[in-house]
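S.K.: One structure coming up, written as structure tokens, with questions to follow.
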Ligand SMILES: Cc1cc2nc3c(=O)[nH]c(=O)nc-3n(C[C@H](O)[C@H](O)[C@H](O)COP(=O)(O)OP(=O)(O)OC[C@H]3O[C@@H](n4cnc5c(N)ncnc54)[C@H](O)[C@@H]3O)c2cc1C
């Protein structure tokens, strides 16, 4: 039973944390809700930071999860600009950077992830950037505008989602863009080579240069400014700025020092949680980018670093904290926008897990759905400039459908007719 004397503390003022606070109130929790975030901004959504906000098409007010006034109205005690530095599990307390100690009955870790750093000489130069926070996006926005004005060069390390979205934005600003990527195609670890090629073509058509099969080894500079980026095959790319977009690492330090069970980095890392998002401590939960949950559909532990997982995982954890019976088994989902291409991906099928890719529609016109299959079973689907199909795609995955590949590839056959 949860009563009004209880205190639920949420560490991390991102999407997962803010949505968890909202859910606690929506479910009728009358105890204290304390949300602690180390950023000074109210909780905000990050996808616009590499898209509309970066391009100056969306304003700052549009990125916030709630109106700033919502927190007081919902009686959520918001502590911004405060870092939780320690958890005392025996005492049921957390300690903030300023020494304040806060007692909790239940605790949610929604600490998210942080950009991986390039481990090469030159990363201290002023023109080397990361993109995770609003302040990063504000800075990058000015950088891209200046590069566009002056015909400047941006080198992006990493052809993942953020690297590609920033490449698209930089081209819209008119900057020269080179993307350096060790794999042979963009998004290789997520999509594999078959569909990745489409992104090479898309960006090449917009003037992005790719340097595949190479790693950045050094950023050279003069007087603190970037001059060039060198790769391990001896090439040198002119650069005025460099964006490190080489992935994100879950922020597990707090959980680790509290002795909570973690997942090995080789297996994706993160705080290990069960299907109700509970950690190895029964009073501590984790959600969003930091949580690695055993996924019943895929038979493996997954740490999903995407918006929808924070949007839904925060509320699921909140309900579990309230004692409700929760099984968090949503099909992983994300979206991306690059130039005039919009896409949604559902499922999980990295290279090594699938043996067939079926394309339905016109890949040349970039209006298609790609499906990744193993022994005929649909593991994942990505709709590109095709809309209102996500629910059906997710049902195909959830029901472990084995549709006839020819029918799956035929856009004249309604997708619904392929459901088991
Ligand atoms: C530029 C960018 C673009 C993206 N675009 C997309 C997209 O198009 N589609 C998509 O599906 N996903 C996208 N994502 C991913 C999505 O934004 C994340 O999955 C989501 O933000 C995760 O939310 P979260 O609440 O788990 O973590 P976060 O948003 O990282 O929030 C965690 C918060 O906790 C704070 N914190 C950490 N440790 C502490 C501590 N000890 N004390 C106090 N506070 C702490 C952090 O500073 C942060 O504010 C994008 C991400 C980025 C960075």
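Rule-based calculations on the coordinates, nothing more; no lab input. Because the structure is a prediction, the values reported are computed rather than measured. Note that each Cβ is placed from the backbone with ideal geometry, even for glycine, and that neighbours are counted across all protein chains shown.
S.K.: Of the listed peptides 354-364, 247-257, 185-195, what is their order by residue-averaged count of other C-beta atoms within 10 Å, with the highest listed first?
M.R.: Final packing ranking: 185-195, 247-257, 354-364.
S.K.: Mind giving me the nanometre distance, one decimal, between the label points for residue 410 and residue 355, set 7 Å out from Cα along Cα→Cβ?
M.R.: 2.4 nm
S.K.: Could I ask something else about it? Go ahead and run the numbers for FRET between residue 116 and residue 398, Cβ-Cβ distance against an R0 of 41 Å, rounding to 0.05.
M.R.: 0.80
S.K.: A further question follows. Give me the number: length gained by fully extending residue 300 to residue 233, i.e. 0.36 nm times residue separation minus the C-alpha to C-alpha distance, one decimal in nm.
M.R.: 20.5 nm
S.K.: Could you compute the FRET efficiency for residue 40 and residue 225, with r as their C-beta to C-beta distance and R0 at 41 Å, rounded to 0.05?
M.R.: Given R0 = 41 Å and the Cβ-Cβ separation, E is 0.90.
S.K.: What does a probe at residue 337 reach in region 28-58, counting residues whose amide N is under 12 Å from the point 7 Å along Cα→Cβ?
M.R.: Taking a point 7 Å out along Cα→Cβ of residue 337, the residues of region 28-58 whose backbone N falls under 12 Å are 47-58.
S.K.: Here's another thing I want to ask about it. Would you mind getting me the FRET efficiency between residue 83 and residue 325? Use the beta-carbon distance for r and R0 = 41 Å, nearest 0.05.
M.R.: According to the calculation, E is roughly 0.75.
S.K.: Now a separate question. Round to a whole angstrom and tell me the spacing of the C-alpha centers of region 1-26 and region 323-345.
M.R.: Between the Cα centre of region 1-26 and that of region 323-345, the gap is 22 Å.
S.K.: Using a 10 Å cut-off on Cβ atoms, rank the peptides 77-90, 326-339, 8-21 from the highest mean neighbour count down.
M.R.: Packing order, densest peptide first, comes out as 8-21, 326-339, 77-90.
S.K.: Follow-up. By how many nm would the segment from residue 27 to residue 385 grow when fully extended, if each residue of separation counts as 0.36 nm and the alpha-carbon distance is taken off?
M.R.: Result: 125.2 nm gained on full extension.
S.K.: Right, next: Need the full-extension length gain, residue 417 to residue 375, defined as separation in residues times 0.36 nm minus the C-alpha distance. One decimal, nm.
M.R.: Full-extension gain reported as 13.1 nm.
S.K.: Ordered by packing density, taken as the mean number of other Cβ atoms within 10 Å over each peptide's residues, highest first, how do 233-244, 202-213 rank?
M.R.: Answer by packing, highest mean first, reads 233-244, 202-213.
S.K.: Right, here's the next one. What is the spin-label model distance, in nm, from residue 367 to residue 209 if the labels are put 7 Å beyond Cα along the C-beta direction?
M.R.: The two pseudo-label positions are separated by 3.5 nm.
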